[in-house]
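Colleague: Could you have a look at this structure, given as structure tokens, before my questions?
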There are 2 protein chains.
Amino acid sequence: MRKLFEYNWLVREEWFDWCEEIPEAELLKERIGGQRSILRTLVHVIDVEHAWIRGLMGDPEQHYDYEVYRSLADARRLSSEAAAEVRPFVEQWTDELENERMHIFAYGDVMRHAIAHEIHHIGQLSVWARELGRKPVTANLIMRGPR
Amino acid sequence: MRKLFEYNWLVREEWFDWCEEIPEAELLKERIGGQRSILRTLVHVIDVEHAWIRGLMGDPEQHYDYEVYRSLADARRLSSEAAAEVRPFVEQWTDELENERMHIFAYGDVMRHAIAHEIHHIGQLSVWARELGRKPVTANLIMRGPR
């Protein structure tokens, strides 16, 4: 589990680096699919991971207001803060938690849901990158090459 | 691990169902990103999963010729055959295999690479689905709703 979260956090950081090369208007531009813009899709994956893992940590459900994070710098700061909050839980994950329950959901399924959710949305960014004529961040988990 | 492969196989089946509603010309149409068409992207995820897991099984590297699988029925048949070949290995996966080596790669990393690879490409299909004015297959792992 932990390794797939680390993969997502690494890929997310590389997408933020990628975004630094793109005019902010393009990051905010309305697109087809996903959360309808590059920046909004990034804020969405941050928010959803944070909300689910907080749930597993026993904290009340909380969501970010996407309209507040309309600059790359703000989204990037949000990502660091949100990941820092859930990282200890992810790092301490053990298979014994697999069948603990949050409402009707097994903890393991919630973890896998959060993992798959981010990878899926990142796939959407890769299409938009190509539409912009840019090479997307690699999705490779092995053979990622030099940063 | 097993549960994420099962998730991918279920999602892939639902994408094949989704494709049944789409004219074959649209499935083959050249698009931006991914493997440049819906059908080719599906054949690619089948091929890559099959190649990596065969590697873990100790079988020689083998790839499908994407140009052969240019109909939905052929791609669907390929998916069933390829998944059937690797399913026993996936079902018998245990954490003791995590650090076995295939060349320089840990078995666990290869498994996670194959999982992330498919989810990423499926995210690309979801953008193309919206471009076609269609609702994509849900990427949810929990709360998938009725089929």
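The values are calculated or read from the model by the stated rules, or taken from the named source; none is laboratory data. Because the structure is predicted, anything quoted here is derived from the model rather than measured. Cβ placement follows ideal geometry from the backbone for every residue including glycine, while neighbour counts extend to all protein chains displayed. The accessibility values were calculated without ligands, DNA or RNA, using every heavy atom of the protein model including side chains. Shrake-Rupley method; radii C 1.70, N 1.55, O 1.52, S 1.80 Å.
Colleague: Using only the alpha carbons of the protein assembly as shown, determine the length spanned along each of the three principal axes and report them from longest to shortest in whole angstroms.
Modeller: Projected onto its principal axes, the Cα set of the protein assembly as shown covers 49, 43, 43 Å.
Colleague: Where q = 0.09, 0.10, 0.11, 0.15 Å⁻¹, what log10 of I(q)/I(0) comes from the Debye formula for the stretch A:2-131, counting one point per Cα?
Modeller: -0.26, -0.32, -0.38, -0.69
Colleague: Another question about this same structure. What is the helix-to-structure angle for B:2-20, meaning the angle in degrees between its Cα long axis and the longest Cα principal axis of chain B, kept from 0 to 90 and rounded to the nearest 10?
Modeller: Computed tilt is about 20 degrees.
Colleague: Please give the length that would be gained between B:SER80 and B:HIS103 if that part of the chain were fully extended, namely 0.36 nm times their separation in residues minus their C-alpha to C-alpha distance (nm, one decimal).
Modeller: Working: separation 23, 0.36 × 23 = 8.28 nm, distance 2.80 nm.
Result for the pair: 5.5 nm of gain on full extension.
Colleague: Using the Karplus equation 6.51 cos²θ - 1.76 cosθ + 1.60 (θ = phi - 60°), what ³J(HN,Hα) coupling, rounded to whole Hz, does each residue of the stretch B:73-81 give in order, writing x for Gly and Pro?
Modeller: Once θ is set to phi - 60°, the couplings for the stretch B:73-81 become 5, 5, 5, 5, 5, 4, 4, 4, 5 Hz.
Colleague: Based on DSSP H runs of at least 4 residues, each adding -39500 (n - 2.57), what is the mean residue ellipticity at 222 nm of chain A after dividing by all its residues, to the nearest 500 deg cm²/dmol? Could you put the intermediate results ahead of the total?
Modeller: On the way: 5 runs with 87 residues, N = 147.
Calculated mean residue ellipticity at 222 nm is -20000 deg cm²/dmol.
Colleague: In addition: Students often forget the sequence filter, so: which lysines lie under 26 Å Cα-Cα from B:LYS3 once same-chain residues fewer than 8 apart are removed?
Modeller: Leaving aside lysines fewer than 8 places away in the same chain, those within reach of B:LYS3 are A:LYS3, B:LYS135.
Colleague: Per residue of A:126-134, how many C-beta atoms from partner chains lie within 10 Å of its own C-beta, taken as a mean?
Modeller: Numbers: counts 7, 11, 4, 2, 6, 4, 1, 1, 0.
What the average comes to for A:126-134 is 4.
Colleague: Right, next: Enumerate the calculated ³J(HN,Hα) couplings along the stretch B:92-103 in order (Karplus 6.51 cos²θ - 1.76 cosθ + 1.60, θ = phi - 60°), each rounded to whole Hz, writing x wherever the residue is Gly or Pro.
Modeller: My calculation for the stretch B:92-103 gives 9, 4, 9, 4, 5, 7, 2, 9, 4, 10, 10, 6 Hz in order.
Colleague: Among A:PHE105, A:LEU78, A:GLY145, which residue has its Cα furthest toward the positive end of the charge dipole of chain A, with +1 on Lys/Arg Cβ and -1 on Asp/Glu Cβ?
Modeller: Ranked along the dipole, the leading option is A:GLY145.
Colleague: Which of the GluC sites (Glu not before Pro) across the stretch B:82-147 are loop residues per DSSP, with 15 or fewer other Cβ within 10 Å? All intermediate terms of the calculation are to be shown ahead of the outcome.
Modeller: On the way: sites: B:GLU85, B:GLU91, B:GLU96, B:GLU98, B:GLU100, B:GLU118, B:GLU131; in loops: B:GLU98, B:GLU100.
Answer by residue number: B:GLU98, B:GLU100.
Colleague: Next up: Near the amide H of A:GLN35, under 5 Å away, which other amide H atoms are found, from residues 5 or more places off or on another chain, if H is placed in the peptide plane?
Modeller: For A:GLN35, whose amide H was placed from the backbone, the distant partners under 5 Å are A:THR41.
Colleague: Follow-up question, since we're still on this one. How large is ³J(HN,Hα), in whole Hz, for each residue of the stretch B:134-145 in order, when computed from phi with the Karplus curve 6.51 cos²θ - 1.76 cosθ + 1.60 and θ = phi - 60°, using x for Gly and Pro?
Modeller: 10, 6, x, 4, 5, 8, 4, 8, 9, 6, 6, x
Colleague: Other chains near A:92-100: what is the mean number of their Cβ atoms within 10 Å of each residue's Cβ?
Modeller: On the way: counts 0, 0, 0, 1, 0, 0, 1, 0, 0.
Mean shielding by partner chains, rounded to a whole number: 0.
Colleague: Separate question: Just to confirm the filter: which GluC sites (Glu not before Pro) across the stretch B:14-65 are DSSP coil and have at most 13 other Cβ within 10 angstrom of their Cβ? All intermediate terms of the calculation are to be shown ahead of the outcome.
Modeller: On the way: sites: B:GLU14, B:GLU20, B:GLU21, B:GLU24, B:GLU26, B:GLU30, B:GLU49, B:GLU61; in loops: B:GLU21, B:GLU30, B:GLU61.
Answer by residue number: B:GLU21, B:GLU30, B:GLU61.
Colleague: Check A:MET102: other-chain or 5+ apart residues with amide H under 5 Å from its amide H, H built from backbone geometry?
Modeller: Amide H neighbours of A:MET102: A:TYR107.
Colleague: In addition: Tally Lys/Arg at +1 and Asp/Glu at -1 over every other residue whose Cβ is under 11 Å from the Cβ of A:GLU6; what's the total?
Modeller: Working: positive: A:ARG2, A:LYS3, A:ARG12, A:ARG87, B:ARG112; negative: A:GLU13, A:GLU91.
So the environment of A:GLU6 carries a net charge of +3.
Colleague: Test of understanding: in a Gaussian network model of chain A with alpha carbons linked when under 10 Å, which of A:ILE53, A:ILE104, A:ILE119 would top the mean-square fluctuation ranking?
Modeller: Fluctuation is largest for A:ILE104.
Colleague: Please list A:MET102, B:MET111, B:MET143, B:MET1 in order of solvent-accessible area, largest first, computed with a 1.4 Å probe with all protein chains present. Walk me through the numbers before you get to the answer.
Modeller: On the way: A:MET102 30, B:MET111 0, B:MET143 100, B:MET1 55 Å².
Largest accessible area first, the list is B:MET143, B:MET1, A:MET102, B:MET111.
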